[in-house]
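Novice: One structure coming up, written as structure tokens, with questions to follow.
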2 protein chains.
Amino acid sequence: MARTDHPVTSVATTTAPIHFEVDDTPNMAGTRARSGRLQTGHGPVETPIFMPVGTNATVKALDPEDLEAVGAQIILANTYHLSVRPGHRRIETLGGLHSFMAWDHPILTDSGGFQVVSLADSRKITEDGVTFRSHLDGSLLDFTPEYAIEVQEALGPDIAVCLDQPVPPHASSREDVAGATARTHRWAERCLEAHTRPDQALFGIIQGGLEADLRADSTQAIASLPFDGLCIGGLAGDESPAQRRAALDVVIALLEDDPRPRYLMGLGSPLDLLDAVDAGVDMFDSVLPARVARNGTLWTPEGRLNLRNARFLDDPRPVQEGCRCLLCRTFSRAYLAHLVRADELLAFRLATCHNLTFILDFMTTIRSSIGAGSFPELKQELRARQGGTDGADSDSEGRAKSQ
Amino acid sequence: MARTDHPVTSVATTTAPIHFEVDDTPNMAGTRARSGRLQTGHGPVETPIFMPVGTNATVKALDPEDLEAVGAQIILANTYHLSVRPGHRRIETLGGLHSFMAWDHPILTDSGGFQVVSLADSRKITEDGVTFRSHLDGSLLDFTPEYAIEVQEALGPDIAVCLDQPVPPHASSREDVAGATARTHRWAERCLEAHTRPDQALFGIIQGGLEADLRADSTQAIASLPFDGLCIGGLAGDESPAQRRAALDVVIALLEDDPRPRYLMGLGSPLDLLDAVDAGVDMFDSVLPARVARNGTLWTPEGRLNLRNARFLDDPRPVQEGCRCLLCRTFSRAYLAHLVRADELLAFRLATCHNLTFILDFMTTIRSSIGAGSFPELKQELRARQGGTDGADSDSEGRAKSQ
């Protein structure tokens, strides 16, 4: 892929690996929310969309039919983890990631940049790249921008992502943010140089922490490169919702006329997603809904249910009345509470099916309201109703320990 | 249920909770194998049958649709475990075990007798019953024959089982076997006295260890009582296959004209089932196929595959060519081997689906051959082919640590 000094979007070319169209929707005051459709070689994705996370080429406890049933349109897998185990060359030989995990729908791979934060104790960063000490056997692994692309070209997701250097947004000094952001830009150019696979989209990552000027510089730097989509990184960390929103507003204002999809990395709680859609974001991922499910926390329109609470042991109602998921169609709160207490494997699958169904239906509701021009009203209503769902399982927890 | 001194089978009465019919099949020399059909209030069971074990009201890692897909016709749940957690009165209030676990097919509950062996370090036996120290919180629980019936009437399985006192067959002295067997007979009468639920069958348990005369006495004692079916207990333990077969031959010879179903408790490996069907047994249960699956051992017609072996990481073939299970229809050995190494939850479900499908299809093949009069030939063929499937995961392991 050739470099250029000006924004060039691949959507204009016929050989583009993906195609993104923003819907023509009623004007709505006071929001940048938008809906659209991302066409990939493995089918369409309707945005705004939440992507369940399958770090190890499996969304924990679910099979592909479960994923279709919960309404997943695209999932995320992890470049770093899969390169270490089972190995990207092995997956390539077996026919690529889609075939390997029997998922015939779109896949995006996270580049390994997030592991720069999540595995902070076992990595060293230089201009060349990141050296990880393997989380499995302690061996050293040089993760350069070029290597991140090589791995992703072997894995074969529909969308690859550049290697970046995120930093904790709130805890980092301006100097650290500036250094990491500048390096992320240099790595972005190296990733573009290295990327050769014409059937695979490549997204760049905007950094800049919580510093408005650094965010703006990074947005312009990354948007000027011919990426197929733009990730907003270095958020969904230790920042407050207000800090995150301020950073998003800086980014999105500069991308107003940019036709490419905008993907905020690592965000997963309902109210956080609502706010980011409001800010103009199209794509999201997080382990949060699935991880809290495995801990026995179920999301409903009325708030969170902690199934470890003894009162649920006698509750014959479904977790959520009218919910279409495997859990709610089949079992009572009492049964799930029993499974959770008995550490039964089925609990993980049922709870995960529910929370992913919940968050994907939540996104569908948002998408419909954008089409109907009623998103601002929906936002008020959901904020009022969803208060109880957020809180203890906030996104910072969701992202910080995710992978 | 009234006591009588002579064998009375409930199958002759119109109010019987179950009805068992042995098929009229071609005469086959040198085998007592038979096929039949057990009618219950939750549908029919074609015998010989293997019952997957759902100790805690869940067959580990599977949901009811998975169970139907693997071909389960009847499952087993555990009286002791469910009485402790979540409590039988709770399950009764929630509508009974079928409703609780959303399994609208037959259920048999194991009485708690097996825990006399499996929880040997935390129980005391008196003439009155067994006092367990709860495996959950250390509290004391008096499990009398009457209480075992009370629990099972509350749970509401189609088939309840008497409390018995099994002993390790090989390691026990004749004196110990004799004492436990006589007590089992006294407890059987107390269970019959206590049992009142007309829509629930009650099976008695034959003990007698490996002593031919004690086995024979126990067979006659239990068969003389008006049970709906006869369990053969105290086997599938530390005995050799030859010792087990000798004990079975004593039992079945005495039951030749008894129309009731015969259930050998705790047996689960293919060759062991084959031999026991040959001896004339109709019903089986074991945690073995599911437990070895969770450890990464997959059964195939050609023998066992240990998916932890590195050679499977590059193997694009299904675990078993032509197998109808979720795993083999969807994924490669390479993918399962990856999931097993990554300790991914999906591995447990996929491997369990396969091994249960395998053992249930194995039983279907056996049943068909009985109908066709070709069981003796099948037996020779399966013994030759299945040699590799048995061995390390023998039934003694399967039963001894099962629950």
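Novice: In this structure, does A:PHE358 turn out to be within 16 Å of A:VAL70 (Cα to Cα), open to solvent by 10 Å² or more (accessible area, probe 1.4 Å), facing another protein chain (nearest Cβ under 7 Å) and part of a helix (DSSP H, G or I)?
Specialist: Working: within 16 Å of A:VAL70 (Cα to Cα): yes; open to solvent by 10 Å² or more (accessible area, probe 1.4 Å): yes; facing another protein chain (nearest Cβ under 7 Å): no; part of a helix (DSSP H, G or I): yes.
Judged against the criteria, A:PHE358 is not a match.
Novice: Here's something else I'd like to know. Scan region B:167-189 and give yes if some residue there is among the basic types (Lys, Arg), in contact with a Ser or Thr (Cβ under 8 Å, 6 or more places away or on another chain) and more than 19 Å from B:VAL250 (Cβ to Cβ), otherwise no. Can you show your working first?
Specialist: Restricting attention to region B:167-189, the residues satisfying the condition of being among the basic types (Lys, Arg) are B:174, B:183, B:186.
Subset that is in contact with a Ser or Thr (Cβ under 8 Å, 6 or more places away or on another chain): none.
So far as region B:167-189 goes, no, none of its residues is among the basic types (Lys, Arg), in contact with a Ser or Thr (Cβ under 8 Å, 6 or more places away or on another chain) and more than 19 Å from B:VAL250 (Cβ to Cβ).
Novice: If you don't mind, there's one more thing I want to ask. Given the options B:LEU305, B:LEU298, name the one that is closer than 30 Å to A:LEU82 by Cα, more than 22 Å from the chain's Cα centre (by Cα), buried (at least 20 other Cβ atoms within 10 Å of the Cβ) and among the aliphatic types (A, V, I, L, M). Show your work before the answer.
Specialist: Details: B:LEU298 fails: more than 22 Å from the chain's Cα centre (by Cα).
One residue alone meets the criteria, B:LEU305.
Novice: Out of A:GLY234, A:GLY204, report the one residue that is at positive phi, small (Gly, Ala, Ser) and under 20 Å from the mean Cα position of the chain (by Cα). First the steps, then the outcome.
Specialist: Working: A:GLY204 fails: at positive phi.
Answer to the check: A:GLY234.
Novice: Go through (1) polar (S, T, N, Q); (2) at pLDDT 95 or above; (3) part of a loop (DSSP other than H, G, I, E, B) and name the single condition B:THR14 misses.
Specialist: The failed condition is (2).
Novice: Here is a follow-up. Tell me which residues, restricted to region B:329-350, are among the aliphatic types (A, V, I, L, M), at the interface with chain A (Cβ under 7 Å from one of its Cβ atoms) and outside any loop (DSSP other than H, G, I, E, B). Outline the logic, then answer.
Specialist: First, pick out the residues of region B:329-350 that are among the aliphatic types (A, V, I, L, M): B:334, B:336-337, B:339-340, B:342, B:345-347, B:350.
Checking the rest, the ones that are also at the interface with chain A (Cβ under 7 Å from one of its Cβ atoms) come to B:334, B:339, B:342, B:345-346.
Of everything in region B:329-350, those that are among the aliphatic types (A, V, I, L, M), at the interface with chain A (Cβ under 7 Å from one of its Cβ atoms) and outside any loop (DSSP other than H, G, I, E, B) turn out to be B:ALA334, B:LEU339, B:LEU345, B:LEU346.
Novice: Identify, by number, the condition in (1) assigned to a helix (DSSP H, G or I); (2) over 30 Å from A:VAL161 (Cα atoms) that A:ARG324 doesn't meet.
Specialist: (1)
Novice: Under the condition of being touching a residue at least 40 places away in the same chain (Cβ under 8 Å) and among the hydrophobic types (A, V, I, L, M, F, W, C), which residue from region B:257-275 is surrounded by the fewest Cβ atoms within 10 Å (Cβ to Cβ)? Outline the logic, then answer.
Specialist: To start, the set of residues in region B:257-275 that are touching a residue at least 40 places away in the same chain (Cβ under 8 Å) comprises B:258-261, B:263, B:265-274.
Next, only the ones that are among the hydrophobic types (A, V, I, L, M, F, W, C) stay: B:265, B:267, B:271, B:273-274.
Working: B:MET265: 27, B:LEU267: 24, B:LEU271: 19, B:LEU273: 25, B:LEU274: 23.
Across region B:257-275, the extreme among qualifying residues is B:LEU271.
Novice: If the requirement is being modelled with pLDDT of 95 or more and crowded, with 24+ Cβ neighbours inside 10 Å, which of these qualifies: A:ARG341, A:ARG317, A:ARG349?
Specialist: Numbers: A:ARG341 fails: crowded, with 24+ Cβ neighbours inside 10 Å; A:ARG317 fails: crowded, with 24+ Cβ neighbours inside 10 Å.
Result: A:ARG349 is the single residue among A:ARG341, A:ARG317, A:ARG349 that is modelled with pLDDT of 95 or more and crowded, with 24+ Cβ neighbours inside 10 Å.
Novice: Continuing with this model, one more query. Scanning region A:86-120 for residues that are among the polar types (S, T, N, Q) and more than 9 Å from chain B (Cβ to nearest Cβ), which turns out farthest from A:GLY41 (Cα to Cα)?
Specialist: Keep residues of region A:86-120 that are among the polar types (S, T, N, Q), which gives A:93, A:99, A:109, A:111, A:115, A:118.
So of that shortlist, the ones also more than 9 Å from chain B (Cβ to nearest Cβ) come out as A:109, A:111, A:115, A:118.
Details: A:THR109: 15, A:SER111: 20, A:GLN115: 28, A:SER118: 31 Å.
Selected residue: A:SER118.
Novice: Which count do you get for residues in region B:141-178 that are of a type in the set (S, T, N, Q) and either touching a strand residue (DSSP E or B) at 6+ places or on another chain (Cβ under 6 Å) or under 13 Å from B:LEU202 (Cα atoms) (or both)?
Specialist: The initial filter retains those residues of region B:141-178 that are of a type in the set (S, T, N, Q), namely B:144, B:152, B:165, B:172-173.
Then keep just the ones that are either touching a strand residue (DSSP E or B) at 6+ places or on another chain (Cβ under 6 Å) or under 13 Å from B:LEU202 (Cα atoms) (or both); that gives B:152.
Selection size over region B:141-178: 1.
Novice: Check A:GLU153 against each of (1) surrounded by 24 or more Cβ atoms within 10 Å (Cβ to Cβ); (2) modelled with pLDDT of 95 or more and name the one condition it does not meet.
Specialist: Status for A:GLU153: all satisfied but (1).
Novice: What residue, of A:ALA188, A:ALA242, A:ALA247, A:ALA201, is among the hydrophobic types (A, V, I, L, M, F, W, C), out of contact with any strand residue (DSSP E or B) (no Cβ under 6 Å at 6 or more places or on another chain) and open to solvent by less than 10 Å² (accessible area, probe 1.4 Å)? Walk me through how you get there before you give the answer.
Specialist: Working: A:ALA188 fails: out of contact with any strand residue (DSSP E or B) (no Cβ under 6 Å at 6 or more places or on another chain); A:ALA242 fails: open to solvent by less than 10 Å² (accessible area, probe 1.4 Å); A:ALA201 fails: out of contact with any strand residue (DSSP E or B) (no Cβ under 6 Å at 6 or more places or on another chain).
Only one candidate passes the filter, namely A:ALA247.
Novice: Can you run down the residue pairs with Cβ atoms below 6 Å, 6 or more apart or on separate chains, where the first is in region B:103-129 and touching a residue at least 24 places away in the same chain (Cβ under 8 Å) and the partner is part of a loop (DSSP other than H, G, I, E, B) and surrounded by fewer than 17 Cβ atoms within 10 Å (Cβ to Cβ)?
Specialist: B:HIS105/B:HIS42; B:PRO106/B:HIS42
Novice: Where in region B:239-320 are there strands (runs of 3 or more DSSP E), lying wholly inside it, with at least 1 residues that are over 25 Å from B:GLU211 (Cβ atoms)? Quick ask: steps written out before the conclusion?
Specialist: Working: elements: B:262-264, B:283-286, B:297-300, B:303-306.
So the answer is B:297-300, B:303-306.
Novice: Let me ask something else about it. If B:THR126 satisfies all but one of (1) more than 13 Å from chain A (Cβ to nearest Cβ); (2) open to solvent by less than 10 Å² (accessible area, probe 1.4 Å), what's the number of the condition it fails?
Specialist: All conditions pass for B:THR126, except number (2).
Novice: So which residues in region A:343-365 are closer than 13 Å to A:PRO301 by Cα and not hydrophobic (A, V, I, L, M, F, W, C)?
Specialist: Of everything in region A:343-365, those that are closer than 13 Å to A:PRO301 by Cα and not hydrophobic (A, V, I, L, M, F, W, C) turn out to be A:HIS354, A:ASN355, A:THR357, A:ASP361, A:THR365.
Novice: Across region B:204-235, what is the number of residues that are in a helix (DSSP H, G or I) and in contact with a strand residue (DSSP E or B) (Cβ under 7 Å, 6 or more places away or on another chain)?
Specialist: 4
Novice: Taking the stated definitions as given, is A:LEU336 surrounded by 24 or more Cβ atoms within 10 Å (Cβ to Cβ) and in contact (Cβ under 8 Å) with a residue 60 or more places away in the chain?
Specialist: Numbers: surrounded by 24 or more Cβ atoms within 10 Å (Cβ to Cβ): yes; in contact (Cβ under 8 Å) with a residue 60 or more places away in the chain: no.
Spelling it out, it is not the case that A:LEU336 is surrounded by 24 or more Cβ atoms within 10 Å (Cβ to Cβ) and in contact (Cβ under 8 Å) with a residue 60 or more places away in the chain.
Novice: Enumerate the strands (runs of 3 or more DSSP E) found wholly within region A:20-123, keeping only those where 3 or more residues are open to solvent by 10 Å² or more (accessible area, probe 1.4 Å) and of a type outside the set (A, V, I, L, M, F, W, C). Steps first, answer last, please.
Specialist: Values: elements: A:36-40, A:43-47, A:49-51, A:75-78, A:107-110.
In region A:20-123, the matching strands (runs of 3 or more DSSP E) lie at A:36-40, A:43-47.
Novice: Would you be able to say whether some residue in region B:164-171 is surrounded by fewer than 24 Cβ atoms within 10 Å (Cβ to Cβ), in contact with a helix residue (DSSP H, G or I) (Cβ under 9 Å, 6 or more places away or on another chain) and assigned to a helix (DSSP H, G or I)?
Specialist: no
Novice: Separate question: In region B:48-64, what count of residues is obtained for those that are within 17 Å of B:SER83 (Cβ to Cβ) and more than 10 Å from chain A (Cβ to nearest Cβ)?
Specialist: 1
Novice: From the list A:GLY371, A:GLY280, which residue is small (Gly, Ala, Ser), under 26 Å from A:LEU108 (Cα atoms) and open to solvent by 10 Å² or more (accessible area, probe 1.4 Å)? I'd like the intermediate steps shown before the answer.
Specialist: Numbers: A:GLY280 fails: open to solvent by 10 Å² or more (accessible area, probe 1.4 Å).
None of the other options fit; the residue is A:GLY371.
Novice: Now, a different point. Which condition number in (1) in contact (Cβ under 8 Å) with a residue 24 or more places away in the chain; (2) under 17 Å from A:HIS81 (Cβ atoms); (3) open to solvent by 10 Å² or more (accessible area, probe 1.4 Å); (4) of a type in the set (Ser, Thr, Tyr) is the one that A:SER139 fails?
Specialist: A:SER139 satisfies all of (1) in contact (Cβ under 8 Å) with a residue 24 or more places away in the chain; (2) under 17 Å from A:HIS81 (Cβ atoms); (3) open to solvent by 10 Å² or more (accessible area, probe 1.4 Å); (4) of a type in the set (Ser, Thr, Tyr) except (1).
The values are calculated or read from the model by the stated rules, or taken from the named source; none is laboratory data. Treat the numbers as computed from the prediction; the structure is a model and nothing was measured. Cβ atoms come from the backbone with ideal geometry, glycine included; neighbour counts cover every protein chain shown. Remember, those area values only see protein heavy atoms, side chains included, never the ligands or the DNA or RNA. Shrake-Rupley method; radii C 1.70, N 1.55, O 1.52, S 1.80 Å.
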